[in-house]
There are 2 protein chains.
Amino acid sequence: MAKKTKKAVVLLSGGLDSATTLAIAKNKGFKCYALTFSYGQRHSIEIKSAKKIVKSIGVIQHKIIDISPAAFSGSALTDKSIKVPVNKIINTARIPVTYVPARNTIFLSYALAFAESIKAFDIFIGVNATDYSGYPDCRNEYIRAFEKMANIATAAAVQKKGRYKIHTPIIKMSKARIIKTGTRLGVNYSLTHSCYNPAKNGKPCGKCDSCQLRLKGFDEAGLKDPLKYKK
Amino acid sequence: MAKKTKKAVVLLSGGLDSATTLAIAKNKGFKCYALTFSYGQRHSIEIKSAKKIVKSIGVIQHKIIDISPAAFSGSALTDKSIKVPVNKIINTARIPVTYVPARNTIFLSYALAFAESIKAFDIFIGVNATDYSGYPDCRNEYIRAFEKMANIATAAAVQKKGRYKIHTPIIKMSKARIIKTGTRLGVNYSLTHSCYNPAKNGKPCGKCDSCQLRLKGFDEAGLKDPLKYKK
């Protein structure tokens, strides 16, 4: 159990995984500083969800950083000319078209800058290697390489004021286990958003990879997804 | 010597070091894609310099990315409440107040995303460990840790389409040698900007750390700095 006074930066997308990760960090006793990115993603509605989640769970500060959509290209999440795949669970042997070049590296770099500026050494990220093993930057091997780099990159680490640790509490959990854990910690999943293709009124499609993984997770957890899906 | 068709992403601040780095990359035969960041730094005049430099040296594409100034805090380069030190060369045993948390990590992360999206595997950065050994993220050890992480982080690397290489051609050069090298390659140093505290008309102060290192470099190279300094 961490000391009550320890600060942590928590990456929060507004989705189910990162909301659960925030609840876990808080439950471990960290003072949480949430960090959300706005980068022209189709599911910008996630940012609204992120705001509701921090209000519900409680954080010291919620920082929202705009990232130029120009930074990412060639991905279905940011490029409207690439179709988001529907009605099939991600083939984990291949890298999905929803992969965004170096996305987690950019996100973790900002988290590192934020952490150094507030004198925090703990960063939480809700990557998951079970459901999303197709993403190279969701693997433990990647996270450890980033952590090693972070401990060479920064003044705070070089001056031995602390060692950065990248926490990935849900990396090995199934979606069902994530949902059970979050439910136990009081996460209100009606505030979270997972859909890649939401309707104009914000309702999730229920068909994209992300919706399907979510629905399967609730099903396997024996719980009901509180979200209302598009008919 | 690289093949003429090989692409490289070159980080370009508009300063003397990165302009020289771009000239070196071009001279090695790379097709260069320049990447400049605008992040509310006091010396935003550097961006204008970067535009002139790419016009003078020639690149395939020049991408300018806005970074929210909120991403960085506690540094003299972005925080107006911290005074930029003048009239003393950086004490290399300490980390200067002009250090910006995780700056090169954020820059290299964007360069990595850009590289992956254009199918380039070579990234050039004009870090220098001689004049700026106080910056942890200018050391070779840091660059190699980033490179290692990059080769785990990305789809292109995981799919064995190539290996990312972070080139640091001037990392061990003295300022004088950088200037001599650039001069030999035709860099027009009158287009570059180094000052942390420029006058409103853009003229460099001649007193800040960066101006002093530049002037000392020209002096030691036996060359005249083409810039006009504030009286």
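Go through (1) under 24 Å from residue A:23 (Cβ atoms); (2) without any contact (Cβ under 8 Å) to a residue 60 or more places away in the chain and name the single condition residue A:141 misses.
(1)
Could you list all residues from region A:118-133 that are buried (at least 21 other Cβ atoms within 10 Å of the Cβ) and small (Gly, Ala, Ser)?
A:120, A:126
Can you work out which of the residues in region A:154-170 that are farther than 15 Å from residue A:122 by Cα and modelled with pLDDT under 95 is farthest from the other protein chains (Cβ to nearest Cβ)?
Here the residue is A:159.
Find the residue count for region B:185-216, including only residues that are under 15 Å from residue B:14 (Cβ atoms) and in a helix (DSSP H, G or I).
Summing the residues that are under 15 Å from residue B:14 (Cβ atoms) and in a helix (DSSP H, G or I) in region B:185-216 gives 6.
I'd like the residue in region A:217-231 that is among the hydrophobic types (A, V, I, L, M, F, W, C) and assigned to a loop (DSSP other than H, G, I, E, B) and, out of all such residues, is farthest from residue A:18 (Cα to Cα).
The qualifying residue farthest from residue A:18 (Cα to Cα) is A:223.
Looking at region B:24-60, which of its residues are within 14 Å of chain A (Cβ to nearest Cβ) and touching a residue at least 40 places away in the same chain (Cβ under 8 Å)?
Once the filter is applied, which keeps residues that are within 14 Å of chain A (Cβ to nearest Cβ) and touching a residue at least 40 places away in the same chain (Cβ under 8 Å), region B:24-60 yields B:33, B:35, B:37.
Residues checked against (1) under 30 Å from residue A:100 (Cα atoms); (2) crowded, with 23+ Cβ neighbours inside 10 Å; (3) out of contact with any Leu (no Cβ under 9 Å at 6 or more places or on another chain):
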site	(1), (2), (3)
B:148	yes, no, yes
B:155	yes, no, yes
B:169	yes, no, yes
B:182	no, yes, no
B:188	no, no, yes
B:203	no, no, no
B:225	no, no, no
B:230	no, no, yes
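Kindly indicate whether any position in region A:176-186 is without any contact (Cβ under 8 Å) to a residue 40 or more places away in the chain and farther than 28 Å from residue B:66 by Cβ.
Within region A:176-186, one or more residues are without any contact (Cβ under 8 Å) to a residue 40 or more places away in the chain and farther than 28 Å from residue B:66 by Cβ.
What residue, among those in region A:205-223 that are of a type in the set (A, V, I, L, M) and surrounded by 17 or more Cβ atoms within 10 Å (Cβ to Cβ), is nearest to residue A:27 (Cα to Cα)?
Selected residue: A:221.
Filter region A:111-146 down to the residues that are at the interface with another protein chain (Cβ under 7 Å from one of its Cβ atoms) and touching a Leu at 6+ places or on another chain (Cβ under 9 Å), then identify the one that is nearest to residue A:165 (Cα to Cα).
A:146
The values are calculated or read from the model by the stated rules, or taken from the named source; none is laboratory data. This structure is a prediction, so every number in the text was calculated from the model and none was measured. Note: ideal-geometry Cβ built from the backbone for every residue, glycine included; neighbour counts use all protein chains shown.
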